[in-house]
Amino acid sequence: MKLVGIGDLFVPCWAISRGFAELAAHGVQVETVEWQLDGFDQLQATNLQVEQCGSDAVEPPNDIFAAAADAEILITHFCPVTRRLIDACPRLKVIGVLRGGYENVNFAHAKKKGLLVFNTPGRNADAVADFTIGMIIAEARNIARGHHGLKNGEWIRTYPNYQHIPDLPGRTVGLIGLGEIGLKVARRLAGFDVQILGYDPYADPARVAQHGVRLVGLDELLVAADFVSLHARLTADNRHLIGPRELALMKPTAYLINTARAGLVDEDALYHALKERRIAGAALDVFEKEPPGRDHPLVTLANVTLTPHMAGGSVDAFVNSPKRLAADMAHLFGRREDIHYLLNRERLSAFGSLPPESNTTSI
């Protein structure tokens, strides 16, 4: 059985080869091909285009098609797996994505073709959770503004929130989205002696309670929280989940943190809420247009901390993701009830056996 992994600037080919080496025991031959890009700017532009326009917005180059032509398992990180690429791989049985999001895979067409599609949820959960805590403290305590002032020869003592700079103990943090990342943020917050509220209509109440989170409605969370942190996946149903009405519910001393998806927040409404000091501040790692440019309204404000979509960007998160996915996919050859990352589990029963040490092309 042949596995082809598509490496990129974040998850290089060597990391894919190393991570999937354990599948050799099941007769899987691992090959890799590099998705050649001019640099990180091109990668970011491609990712944004795919996120906004769908998986088929960008076709991979011809060398990807050639390398994947006889693949039975195709592994990708950011490289698009389009309808055309799927159709060009007649032996393909399984697609694996080395991250939680799978916007770069034509999932509908893959399901139609009877393929199994895996993702890697939580691969950068620690990185994003760590970063989120940093953003909360950086914005509330003016760390980035103080740093920027000193670099420009200024000794700044008065900041936009100087009248209500908070300590964390006793404050309330509201987490919107309680998946892998949201719950890791909750675990980290436990050490700060804060109260934690959560909103997630899909969350398991028992699991959430184990992390010290009290589930409430969205409006109740927004009214009570001193910090509102977003960790939901963006869908058609929750786009602009935080808009003018929701911002109006927040305390004038509250902060909004977004290390998830830009589309969860109405940027224009947020700009006006910040400019008019209807909320104290915001910390944002994501933008509807990336990079936003120095003239972007949010960039012009004094009461925001901004970073260039880097929350999930630790080296560990990227290079360890192939091993994480390989460990889950290995259960295809054994105890299939232990598979956790399969997106279309209903398809699993249609697949035959995959005996160890087999080079058969059927699943």
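Can you spot a residue in the range 165-176 that is touching a residue at least 40 places away in the same chain (Cβ under 8 Å) and farther than 16 Å from residue 279 by Cα?
Initial filter on the range 165-176 (touching a residue at least 40 places away in the same chain (Cβ under 8 Å)): 166, 171-176.
Now restrict to residues that are farther than 16 Å from residue 279 by Cα: 175-176.
Within the range 165-176, one or more residues are touching a residue at least 40 places away in the same chain (Cβ under 8 Å) and farther than 16 Å from residue 279 by Cα.
Which condition number does residue 313 fail, the rest of (1) open to solvent by 10 Å² or more (accessible area, probe 1.4 Å); (2) closer than 24 Å to residue 159 by Cβ; (3) in a loop (DSSP other than H, G, I, E, B) being met?
Unmet condition: (2).
Quick one: in the range 270-298, which of the residues that are free of Cβ contacts under 8 Å to residues at least 24 places away in the same chain and surrounded by 15 or more Cβ atoms within 10 Å (Cβ to Cβ) is farthest from residue 236 (Cα to Cα)?
My answer is 296.
Would you mention how many residues in the range 21-68 are polar (S, T, N, Q) and over 26 Å from the mean Cα position of the chain (by Cα)? Can you show your working first?
First pass over the range 21-68, keeping only residues polar (S, T, N, Q): 29, 32, 36, 42, 44, 46-47, 49, 52, 55, 62.
Filter again for over 26 Å from the mean Cα position of the chain (by Cα), leaving 29, 62.
Total meeting the criteria: 2.
Out of all the residues in the range 52-61, is one or more of a type in the set (S, T, N, Q), in contact with a strand residue (DSSP E or B) (Cβ under 7 Å, 6 or more places away or on another chain) and closer than 23 Å to residue 342 by Cβ?
So in the range 52-61, the residues of a type in the set (S, T, N, Q) come out as 52, 55.
Right, trim to in contact with a strand residue (DSSP E or B) (Cβ under 7 Å, 6 or more places away or on another chain) and you get 55.
If we keep only those that are closer than 23 Å to residue 342 by Cβ too, we end up with 55.
Taking every residue of the range 52-61 in turn, at least one turns out to be of a type in the set (S, T, N, Q), in contact with a strand residue (DSSP E or B) (Cβ under 7 Å, 6 or more places away or on another chain) and closer than 23 Å to residue 342 by Cβ.
Consider only pairs whose beta carbons are under 9 Å apart and that are at least six residues apart or on different chains; among these, list those whose first residue lies in the range 52-71 and is closer than 18 Å to residue 30 by Cβ and whose second residue is among the small types (Gly, Ala, Ser) and part of a loop (DSSP other than H, G, I, E, B).
68/88; 69/88
So, in the range 135-170, how many residues would count as being surrounded by fewer than 20 Cβ atoms within 10 Å (Cβ to Cβ), assigned to a loop (DSSP other than H, G, I, E, B) and either in contact with a Phe, Trp or Tyr (Cβ under 6 Å, 6 or more places away or on another chain) or not polar (S, T, N, Q) (or both)?
The total comes to 16.
If I filter the range 179-195 for residues that are outside any loop (DSSP other than H, G, I, E, B), open to solvent by less than 50 Å² (accessible area, probe 1.4 Å) and touching a Phe, Trp or Tyr at 6+ places or on another chain (Cβ under 8 Å), do I get at least one hit?
Pass one, the range 179-195, residues outside any loop (DSSP other than H, G, I, E, B): 180-192, 195.
From the residues that got through so far, the ones that are open to solvent by less than 50 Å² (accessible area, probe 1.4 Å) too are 181-186, 189.
Cutting the leftovers down to touching a Phe, Trp or Tyr at 6+ places or on another chain (Cβ under 8 Å) gives us none.
So far as the range 179-195 goes, no, none of its residues is outside any loop (DSSP other than H, G, I, E, B), open to solvent by less than 50 Å² (accessible area, probe 1.4 Å) and touching a Phe, Trp or Tyr at 6+ places or on another chain (Cβ under 8 Å).
Open to solvent by 50 Å² or more (accessible area, probe 1.4 Å) and free of Cβ contacts under 8 Å to residues at least 60 places away in the same chain: which single residue out of 345, 336 fits that description?
Values: 336 fails: open to solvent by 50 Å² or more (accessible area, probe 1.4 Å).
Result of the check over 345, 336: 345.
The values are calculated or read from the model by the stated rules, or taken from the named source; none is laboratory data. Fair warning: this is a prediction, and the values are worked out from it, not measured in the lab. Note that we place each Cβ from the backbone using ideal geometry, even for glycine, and neighbour counts take in every protein chain shown. Heads up: the accessible areas ignore ligands, DNA and RNA and are worked out on the full protein's heavy atoms, side chains in. Shrake-Rupley method; radii C 1.70, N 1.55, O 1.52, S 1.80 Å.
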